[in-house]
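**Q** To start, I am sharing the structure in question, which I have written as structure tokens.
The values are calculated or read from the model by the stated rules, or taken from the named source; none is laboratory data. What you see is a predicted model; the values in this text were computed from it and never measured. Glycine gets a Cβ as well: all are built from the backbone with ideal geometry, and neighbour counts include every protein chain shown.
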Amino acid sequence: MKVLRSLLWFGMLVLIPTQGQSQEHSLLRAIEKEIGSIFETNRQGVVRIHALFTPNQNTSATGSVFTHGSGFIFDSRGYILTIEAAVHGAEEIRVTLASDRQVRARFVGSDPISGVAVIQADIDSLSIVKIGDSDRIQFGHYAFILGNDFGNLVPAFGTMHEIYQGEDLIQVSARVQSSYGGAPVFCSDGRVGGMVWRYQDAPAGYTPSEQLAHTFMGVPGMPNSVFVIPINRAMHVAQVLVSDGKMLYGWLGVEVGMQGEDVVVIDVAAQSPAALSGVLSGDVLLAFGDRAVAGPHHLRRLVMESVPGQEIVLGVRRNGRVLAQGVQLGNMPGQPMVASQVEEPEPEDEMIYRQMDHLQKEMIRLQQLLHQQEP
């Protein structure tokens, strides 16, 4: 009976288009209102960053360089989260609020490995963005970005394109400017799920005529993808920078890989904490402290979330025997995070262009065959 009533109700909507259109418009307005609310509620906590740099001797630039970036207030004491590239080494940092008021900011600290930086501004009546949980983000989730479009605070919209667990990065399909670096990425609950790190490089090697053709096909010059630092990682780094001024990561010094279901040590760096504690190539790593080791990426995260000098007991299986191997973690050598380390699939745009080129050739071949068959 319920099914019959539902069918009758649906039929009435089809027979009465004006009522259906009204409900459709009402739904669209509700969606529009909710999206607008996400941006409007959070825009007071988003800032535009302007930094003054003096070029070094390795550049051809003369005079001072003025750069643009984005950031967001995460602490009532005026702490602002952004990316290292936007502020590290700057002579002067200014932030512009949503009200267009501009104030000076001071550099607190940055971390070259994660690309995260913190600055602080003396701002009254602060509006702080709400921090979410990036572990809950899934492929296909919506992404709402609010960033500095070279002086203007402009929203952008996209979807979660890929999640790279090994590099702790999220890739979002969205068109943003380089000045969006440090911009918050809001989830559908209105909370920050990540921070824009850098955009994906545009496909290279195209001639001007090909670039023009791509523009006509609806693909602008701006990149269609941006890498995002998950907010859980960014906030962990930010809190350490606020308290200590720098970020230190634990270092074990092993290269591991999967052999069946086992996490096996492939190589041990010389003079590393692992080598000094007696870890050997071929050892199966079972546990890191009180945590079972699930795989290479999991081990890397467990080590990086530990602090240098921390004593850890490794659960190791060697020649069929289970051993408890004590190790004192070292300080991981600083290596900046680079997007090229991420193993990406072929960029979607290039794949589409290749498919279109193939179809075009097939169409030409088909036309030639038809022309040959004409009487």
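Here is a yes/no grid of residues against (1) under 13 Å from the mean Cα position of the chain (by Cα); (2) at pLDDT below 95:
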residue	(1), (2)
Phe150	no, yes
Phe157	no, yes
His161	yes, yes
Gln165	yes, yes
Asp168	yes, yes
Val172	yes, yes
Gly181	yes, yes
Pro184	yes, no
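**Q** If you take the residues in the range 223-256 that are closer than 25 Å to Ser173 by Cβ and assigned to a loop (DSSP other than H, G, I, E, B), which one is modelled with the highest pLDDT?
**A** Result: Ser225.
**Q** Condition (residue is touching a Ser or Thr at 6+ places or on another chain (Cβ under 6 Å) and on the phi > 0 side of the Ramachandran plot) applied to the range 146-153: is it met by at least one residue?
**A** Taking every residue of the range 146-153 in turn, at least one turns out to be touching a Ser or Thr at 6+ places or on another chain (Cβ under 6 Å) and on the phi > 0 side of the Ramachandran plot.
**Q** Another question, if that's okay. Has the range 51-66 got at least one residue that is in contact (Cβ under 8 Å) with a residue 24 or more places away in the chain, of a type in the set (Phe, Trp, Tyr) and surrounded by 15 or more Cβ atoms within 10 Å (Cβ to Cβ)?
**A** The answer is yes; a qualifying residue exists.
**Q** May I pose another question? On the basis of being among the hydrophobic types (A, V, I, L, M, F, W, C) and under 30 Å from Phe107 (Cα atoms), does Leu280 make the cut?
**A** Against the criterion (among the hydrophobic types (A, V, I, L, M, F, W, C) and under 30 Å from Phe107 (Cα atoms)), Leu280 does not qualify.
**Q** Please tell me if Ile38 is buried (at least 17 other Cβ atoms within 10 Å of the Cβ), at pLDDT 90 or above and in contact with a helix residue (DSSP H, G or I) (Cβ under 7 Å, 6 or more places away or on another chain).
**A** No.
**Q** Which residue pairs have Cβ atoms under 6 Å apart, sit 6 or more places apart or on different chains, and have a first residue in the range 289-304 that is surrounded by fewer than 18 Cβ atoms within 10 Å (Cβ to Cβ) and a second that is among the small types (Gly, Ala, Ser) and not in a helix (DSSP H, G or I)?
**A** His297/Gly166
**Q** Still on this model: Among the residues of the range 188-212, which ones are under 20 Å from Val237 (Cβ atoms) and modelled with pLDDT of 90 or more?
**A** Residues of the range 188-212 that are under 20 Å from Val237 (Cβ atoms), as a first pass: 191-198.
Within the range 188-212, Arg191, Val192, Gly193, Gly194, Met195, Val196, Trp197 qualify.
**Q** Right, something else. Residue under question is Gly330, and the condition is that it be without any contact (Cβ under 8 Å) to a residue 24 or more places away in the chain and under 23 Å from Val237 (Cβ atoms); does it hold?
**A** no
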